[in-house]
Amino acid sequence: MSLNYSPSLHPLRFTARNRRKLKVNVFSESGFLGLESQGGHTAFLDCAALMATHPDLEVVINARTTCDVLHSHSWGPLFWAWGARRWAVRRVFTAHVVPETAIGTFPCAEYAQPLVRAYVRRVCNFADLVIAVAPRAAQVLRELGVASPVAIVPNPIRAERFVAKPMLRIAGRKLLRLSDDRLVVLGVGQLQPRKGIADFAAVAAACPDAHFVWVGGRPFGLISANYFGMNDLVCRPPRNLTFAGMANLEDMPAIYNAADVMLFPSFQENCPYAPMEAASCGRPVVFRDLVEYRSLYRSEYLKAGDLPELTLVVRRLLDSASERERWASASHALSQGFRVADFVDTLARIYDDQACAGMPH
């Protein structure tokens, strides 16, 4: 079952009936587990900060206290403890990943899919409502046998933070130790096969006149997929490829601005932050042509199906300033479909519906 919400600013029914703000506990285990570099942690932080701006909401973060709605961005054991009815009247769970996300992220994940699928289904059915961050993710959850209602709410992009500025470009190039005159192709994501890092390195080798930079680390350490293969690539990359390691979230606007092109060759995504953040900064973004994107993105975007096509598209951008300009404009237009105001209003309505459903009649 899908629930469709259209943005419409209005006061919350729960607050009007109870003469108090609706109390929401925004929760994630990512901070406890040292997973701050994941997109799910960014989504958790953004959700807490943005929803706190709604006048009818009282937002607490990872609080072991009674609340009207618990909104969890993680699916570990603490979700079950925090989600006990004595702490939360209603439970909302955002599924940032689907079972297929584990393939290329953890070793042998393709063989553990039956267990992963069973666990994801159980987590989703523990929630009163599940939020899928993309239409394709919602379809996967329904096919998985999730019985709880599923709403589609894509991740928002903080357009006031991710902007194109000459000063940010200077700061980003200084941070990454890049020269001012060389074209730069940026990749962002965890060091894991799912992110398409091997293809990124192959495109770099085919374009020796540009500098390629990959920003991201391995939050899962030794339990990352192909850990030693990734080590070999990091230690012996093409001469024009630099692995910059993890970066602070606060530095990412400058890092995006430092690039001339962003290449995002991931093999599986749901609603990724990195390419839309780069797009909001006015960078042309090259996507791998994935089925997930076709229902998520509503305007023109630059895509390629395989390694030869990725190389061809990147080469064309590097060779033509007008092409970079054209696709920078298209990318920026694409990022406008993920507005903060729509996210806040839609999620507030979901909280309101859930809290009212949990009230005695």
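With respect to (1) modelled with pLDDT of 90 or more; (2) within 19 Å of residue 132 (Cα to Cα); (3) touching a Ser or Thr at 6+ places or on another chain (Cβ under 8 Å), the lone exception for residue 56 is condition (2).
Within the stretch 231-249, being in a loop (DSSP other than H, G, I, E, B) and under 17 Å from the mean Cα position of the chain (by Cα) holds for 246, 247, 248.
Of the residues making up the stretch 239-256, at least one is within 21 Å of residue 40 (Cβ to Cβ) and β-branched (Val, Ile, Thr).
Residues being modelled with pLDDT under 85 and over 12 Å from residue 127 (Cα atoms): count how many of those fall in the stretch 65-81.
Narrowing the stretch 65-81 to residues modelled with pLDDT under 85: 75-81.
If we keep only those that are over 12 Å from residue 127 (Cα atoms) as well, we get 76-78, 81.
Result for the stretch 65-81: 4.
A quick yes/no check of all residues on (1) in the same structural domain as residue 311 (by TED's automatic domain parsing); (2) surrounded by 15 or more Cβ atoms within 10 Å (Cβ to Cβ); (3) in contact with a His (Cβ under 7 Å, 6 or more places away or on another chain); (4) not in a loop (DSSP other than H, G, I, E, B):
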position	(1), (2), (3), (4)
119	no, no, no, yes
124	no, yes, no, yes
130	no, yes, no, yes
138	no, yes, no, yes
174	yes, no, no, yes
201	yes, yes, no, yes
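Every residue in the stretch 325-343 that is in contact with a Phe, Trp or Tyr (Cβ under 9 Å, 6 or more places away or on another chain) and either surrounded by 16 or more Cβ atoms within 10 Å (Cβ to Cβ) or not in a loop (DSSP other than H, G, I, E, B) (or both), please. Passing the criteria: 327, 330, 331, 334, 335.
Only one of 2, 37, 6, 30 is among the small types (Gly, Ala, Ser), closer than 19 Å to residue 352 by Cα, surrounded by 12 or more Cβ atoms within 10 Å (Cβ to Cβ) and modelled with pLDDT under 90; which?
Values: 37 fails: closer than 19 Å to residue 352 by Cα; 6 fails: surrounded by 12 or more Cβ atoms within 10 Å (Cβ to Cβ); 30 fails: closer than 19 Å to residue 352 by Cα.
That would be 2, the only listed residue that is among the small types (Gly, Ala, Ser), closer than 19 Å to residue 352 by Cα, surrounded by 12 or more Cβ atoms within 10 Å (Cβ to Cβ) and modelled with pLDDT under 90.
Using beta carbons and a limit of 8 Å, which pairs, at least six apart or on different chains, have the first residue in the stretch 79-104 and over 24 Å from residue 343 (Cα atoms) and the second one of a type in the set (D, E, K, R) and at pLDDT below 75? Qualifying pairs under 8 Å: 103/110. Checking the structure you have, find out if any residue of the stretch 349-358 is in contact (Cβ under 8 Å) with a residue 12 or more places away in the chain, more than 30 Å from residue 11 (Cβ to Cβ) and surrounded by fewer than 18 Cβ atoms within 10 Å (Cβ to Cβ). There is no residue in the stretch 349-358 that is in contact (Cβ under 8 Å) with a residue 12 or more places away in the chain, more than 30 Å from residue 11 (Cβ to Cβ) and surrounded by fewer than 18 Cβ atoms within 10 Å (Cβ to Cβ).
Screening residue 252 against (1) under 16 Å from the mean Cα position of the chain (by Cα); (2) surrounded by fewer than 20 Cβ atoms within 10 Å (Cβ to Cβ); (3) in a helix (DSSP H, G or I) leaves a single unmet condition, (2). Just to be sure, is residue 206 under 22 Å from the mean Cα position of the chain (by Cα) and either under 27 Å from residue 46 (Cα atoms) or in contact (Cβ under 8 Å) with a residue 40 or more places away in the chain (or both)? So residue 206 fails the test.
The values are calculated or read from the model by the stated rules, or taken from the named source; none is laboratory data. Since this is a predicted model, take the numbers as computed values, not measurements. FYI the Cβ positions are ideal-geometry reconstructions off the backbone, even for glycines, and counts take in every protein chain you see.
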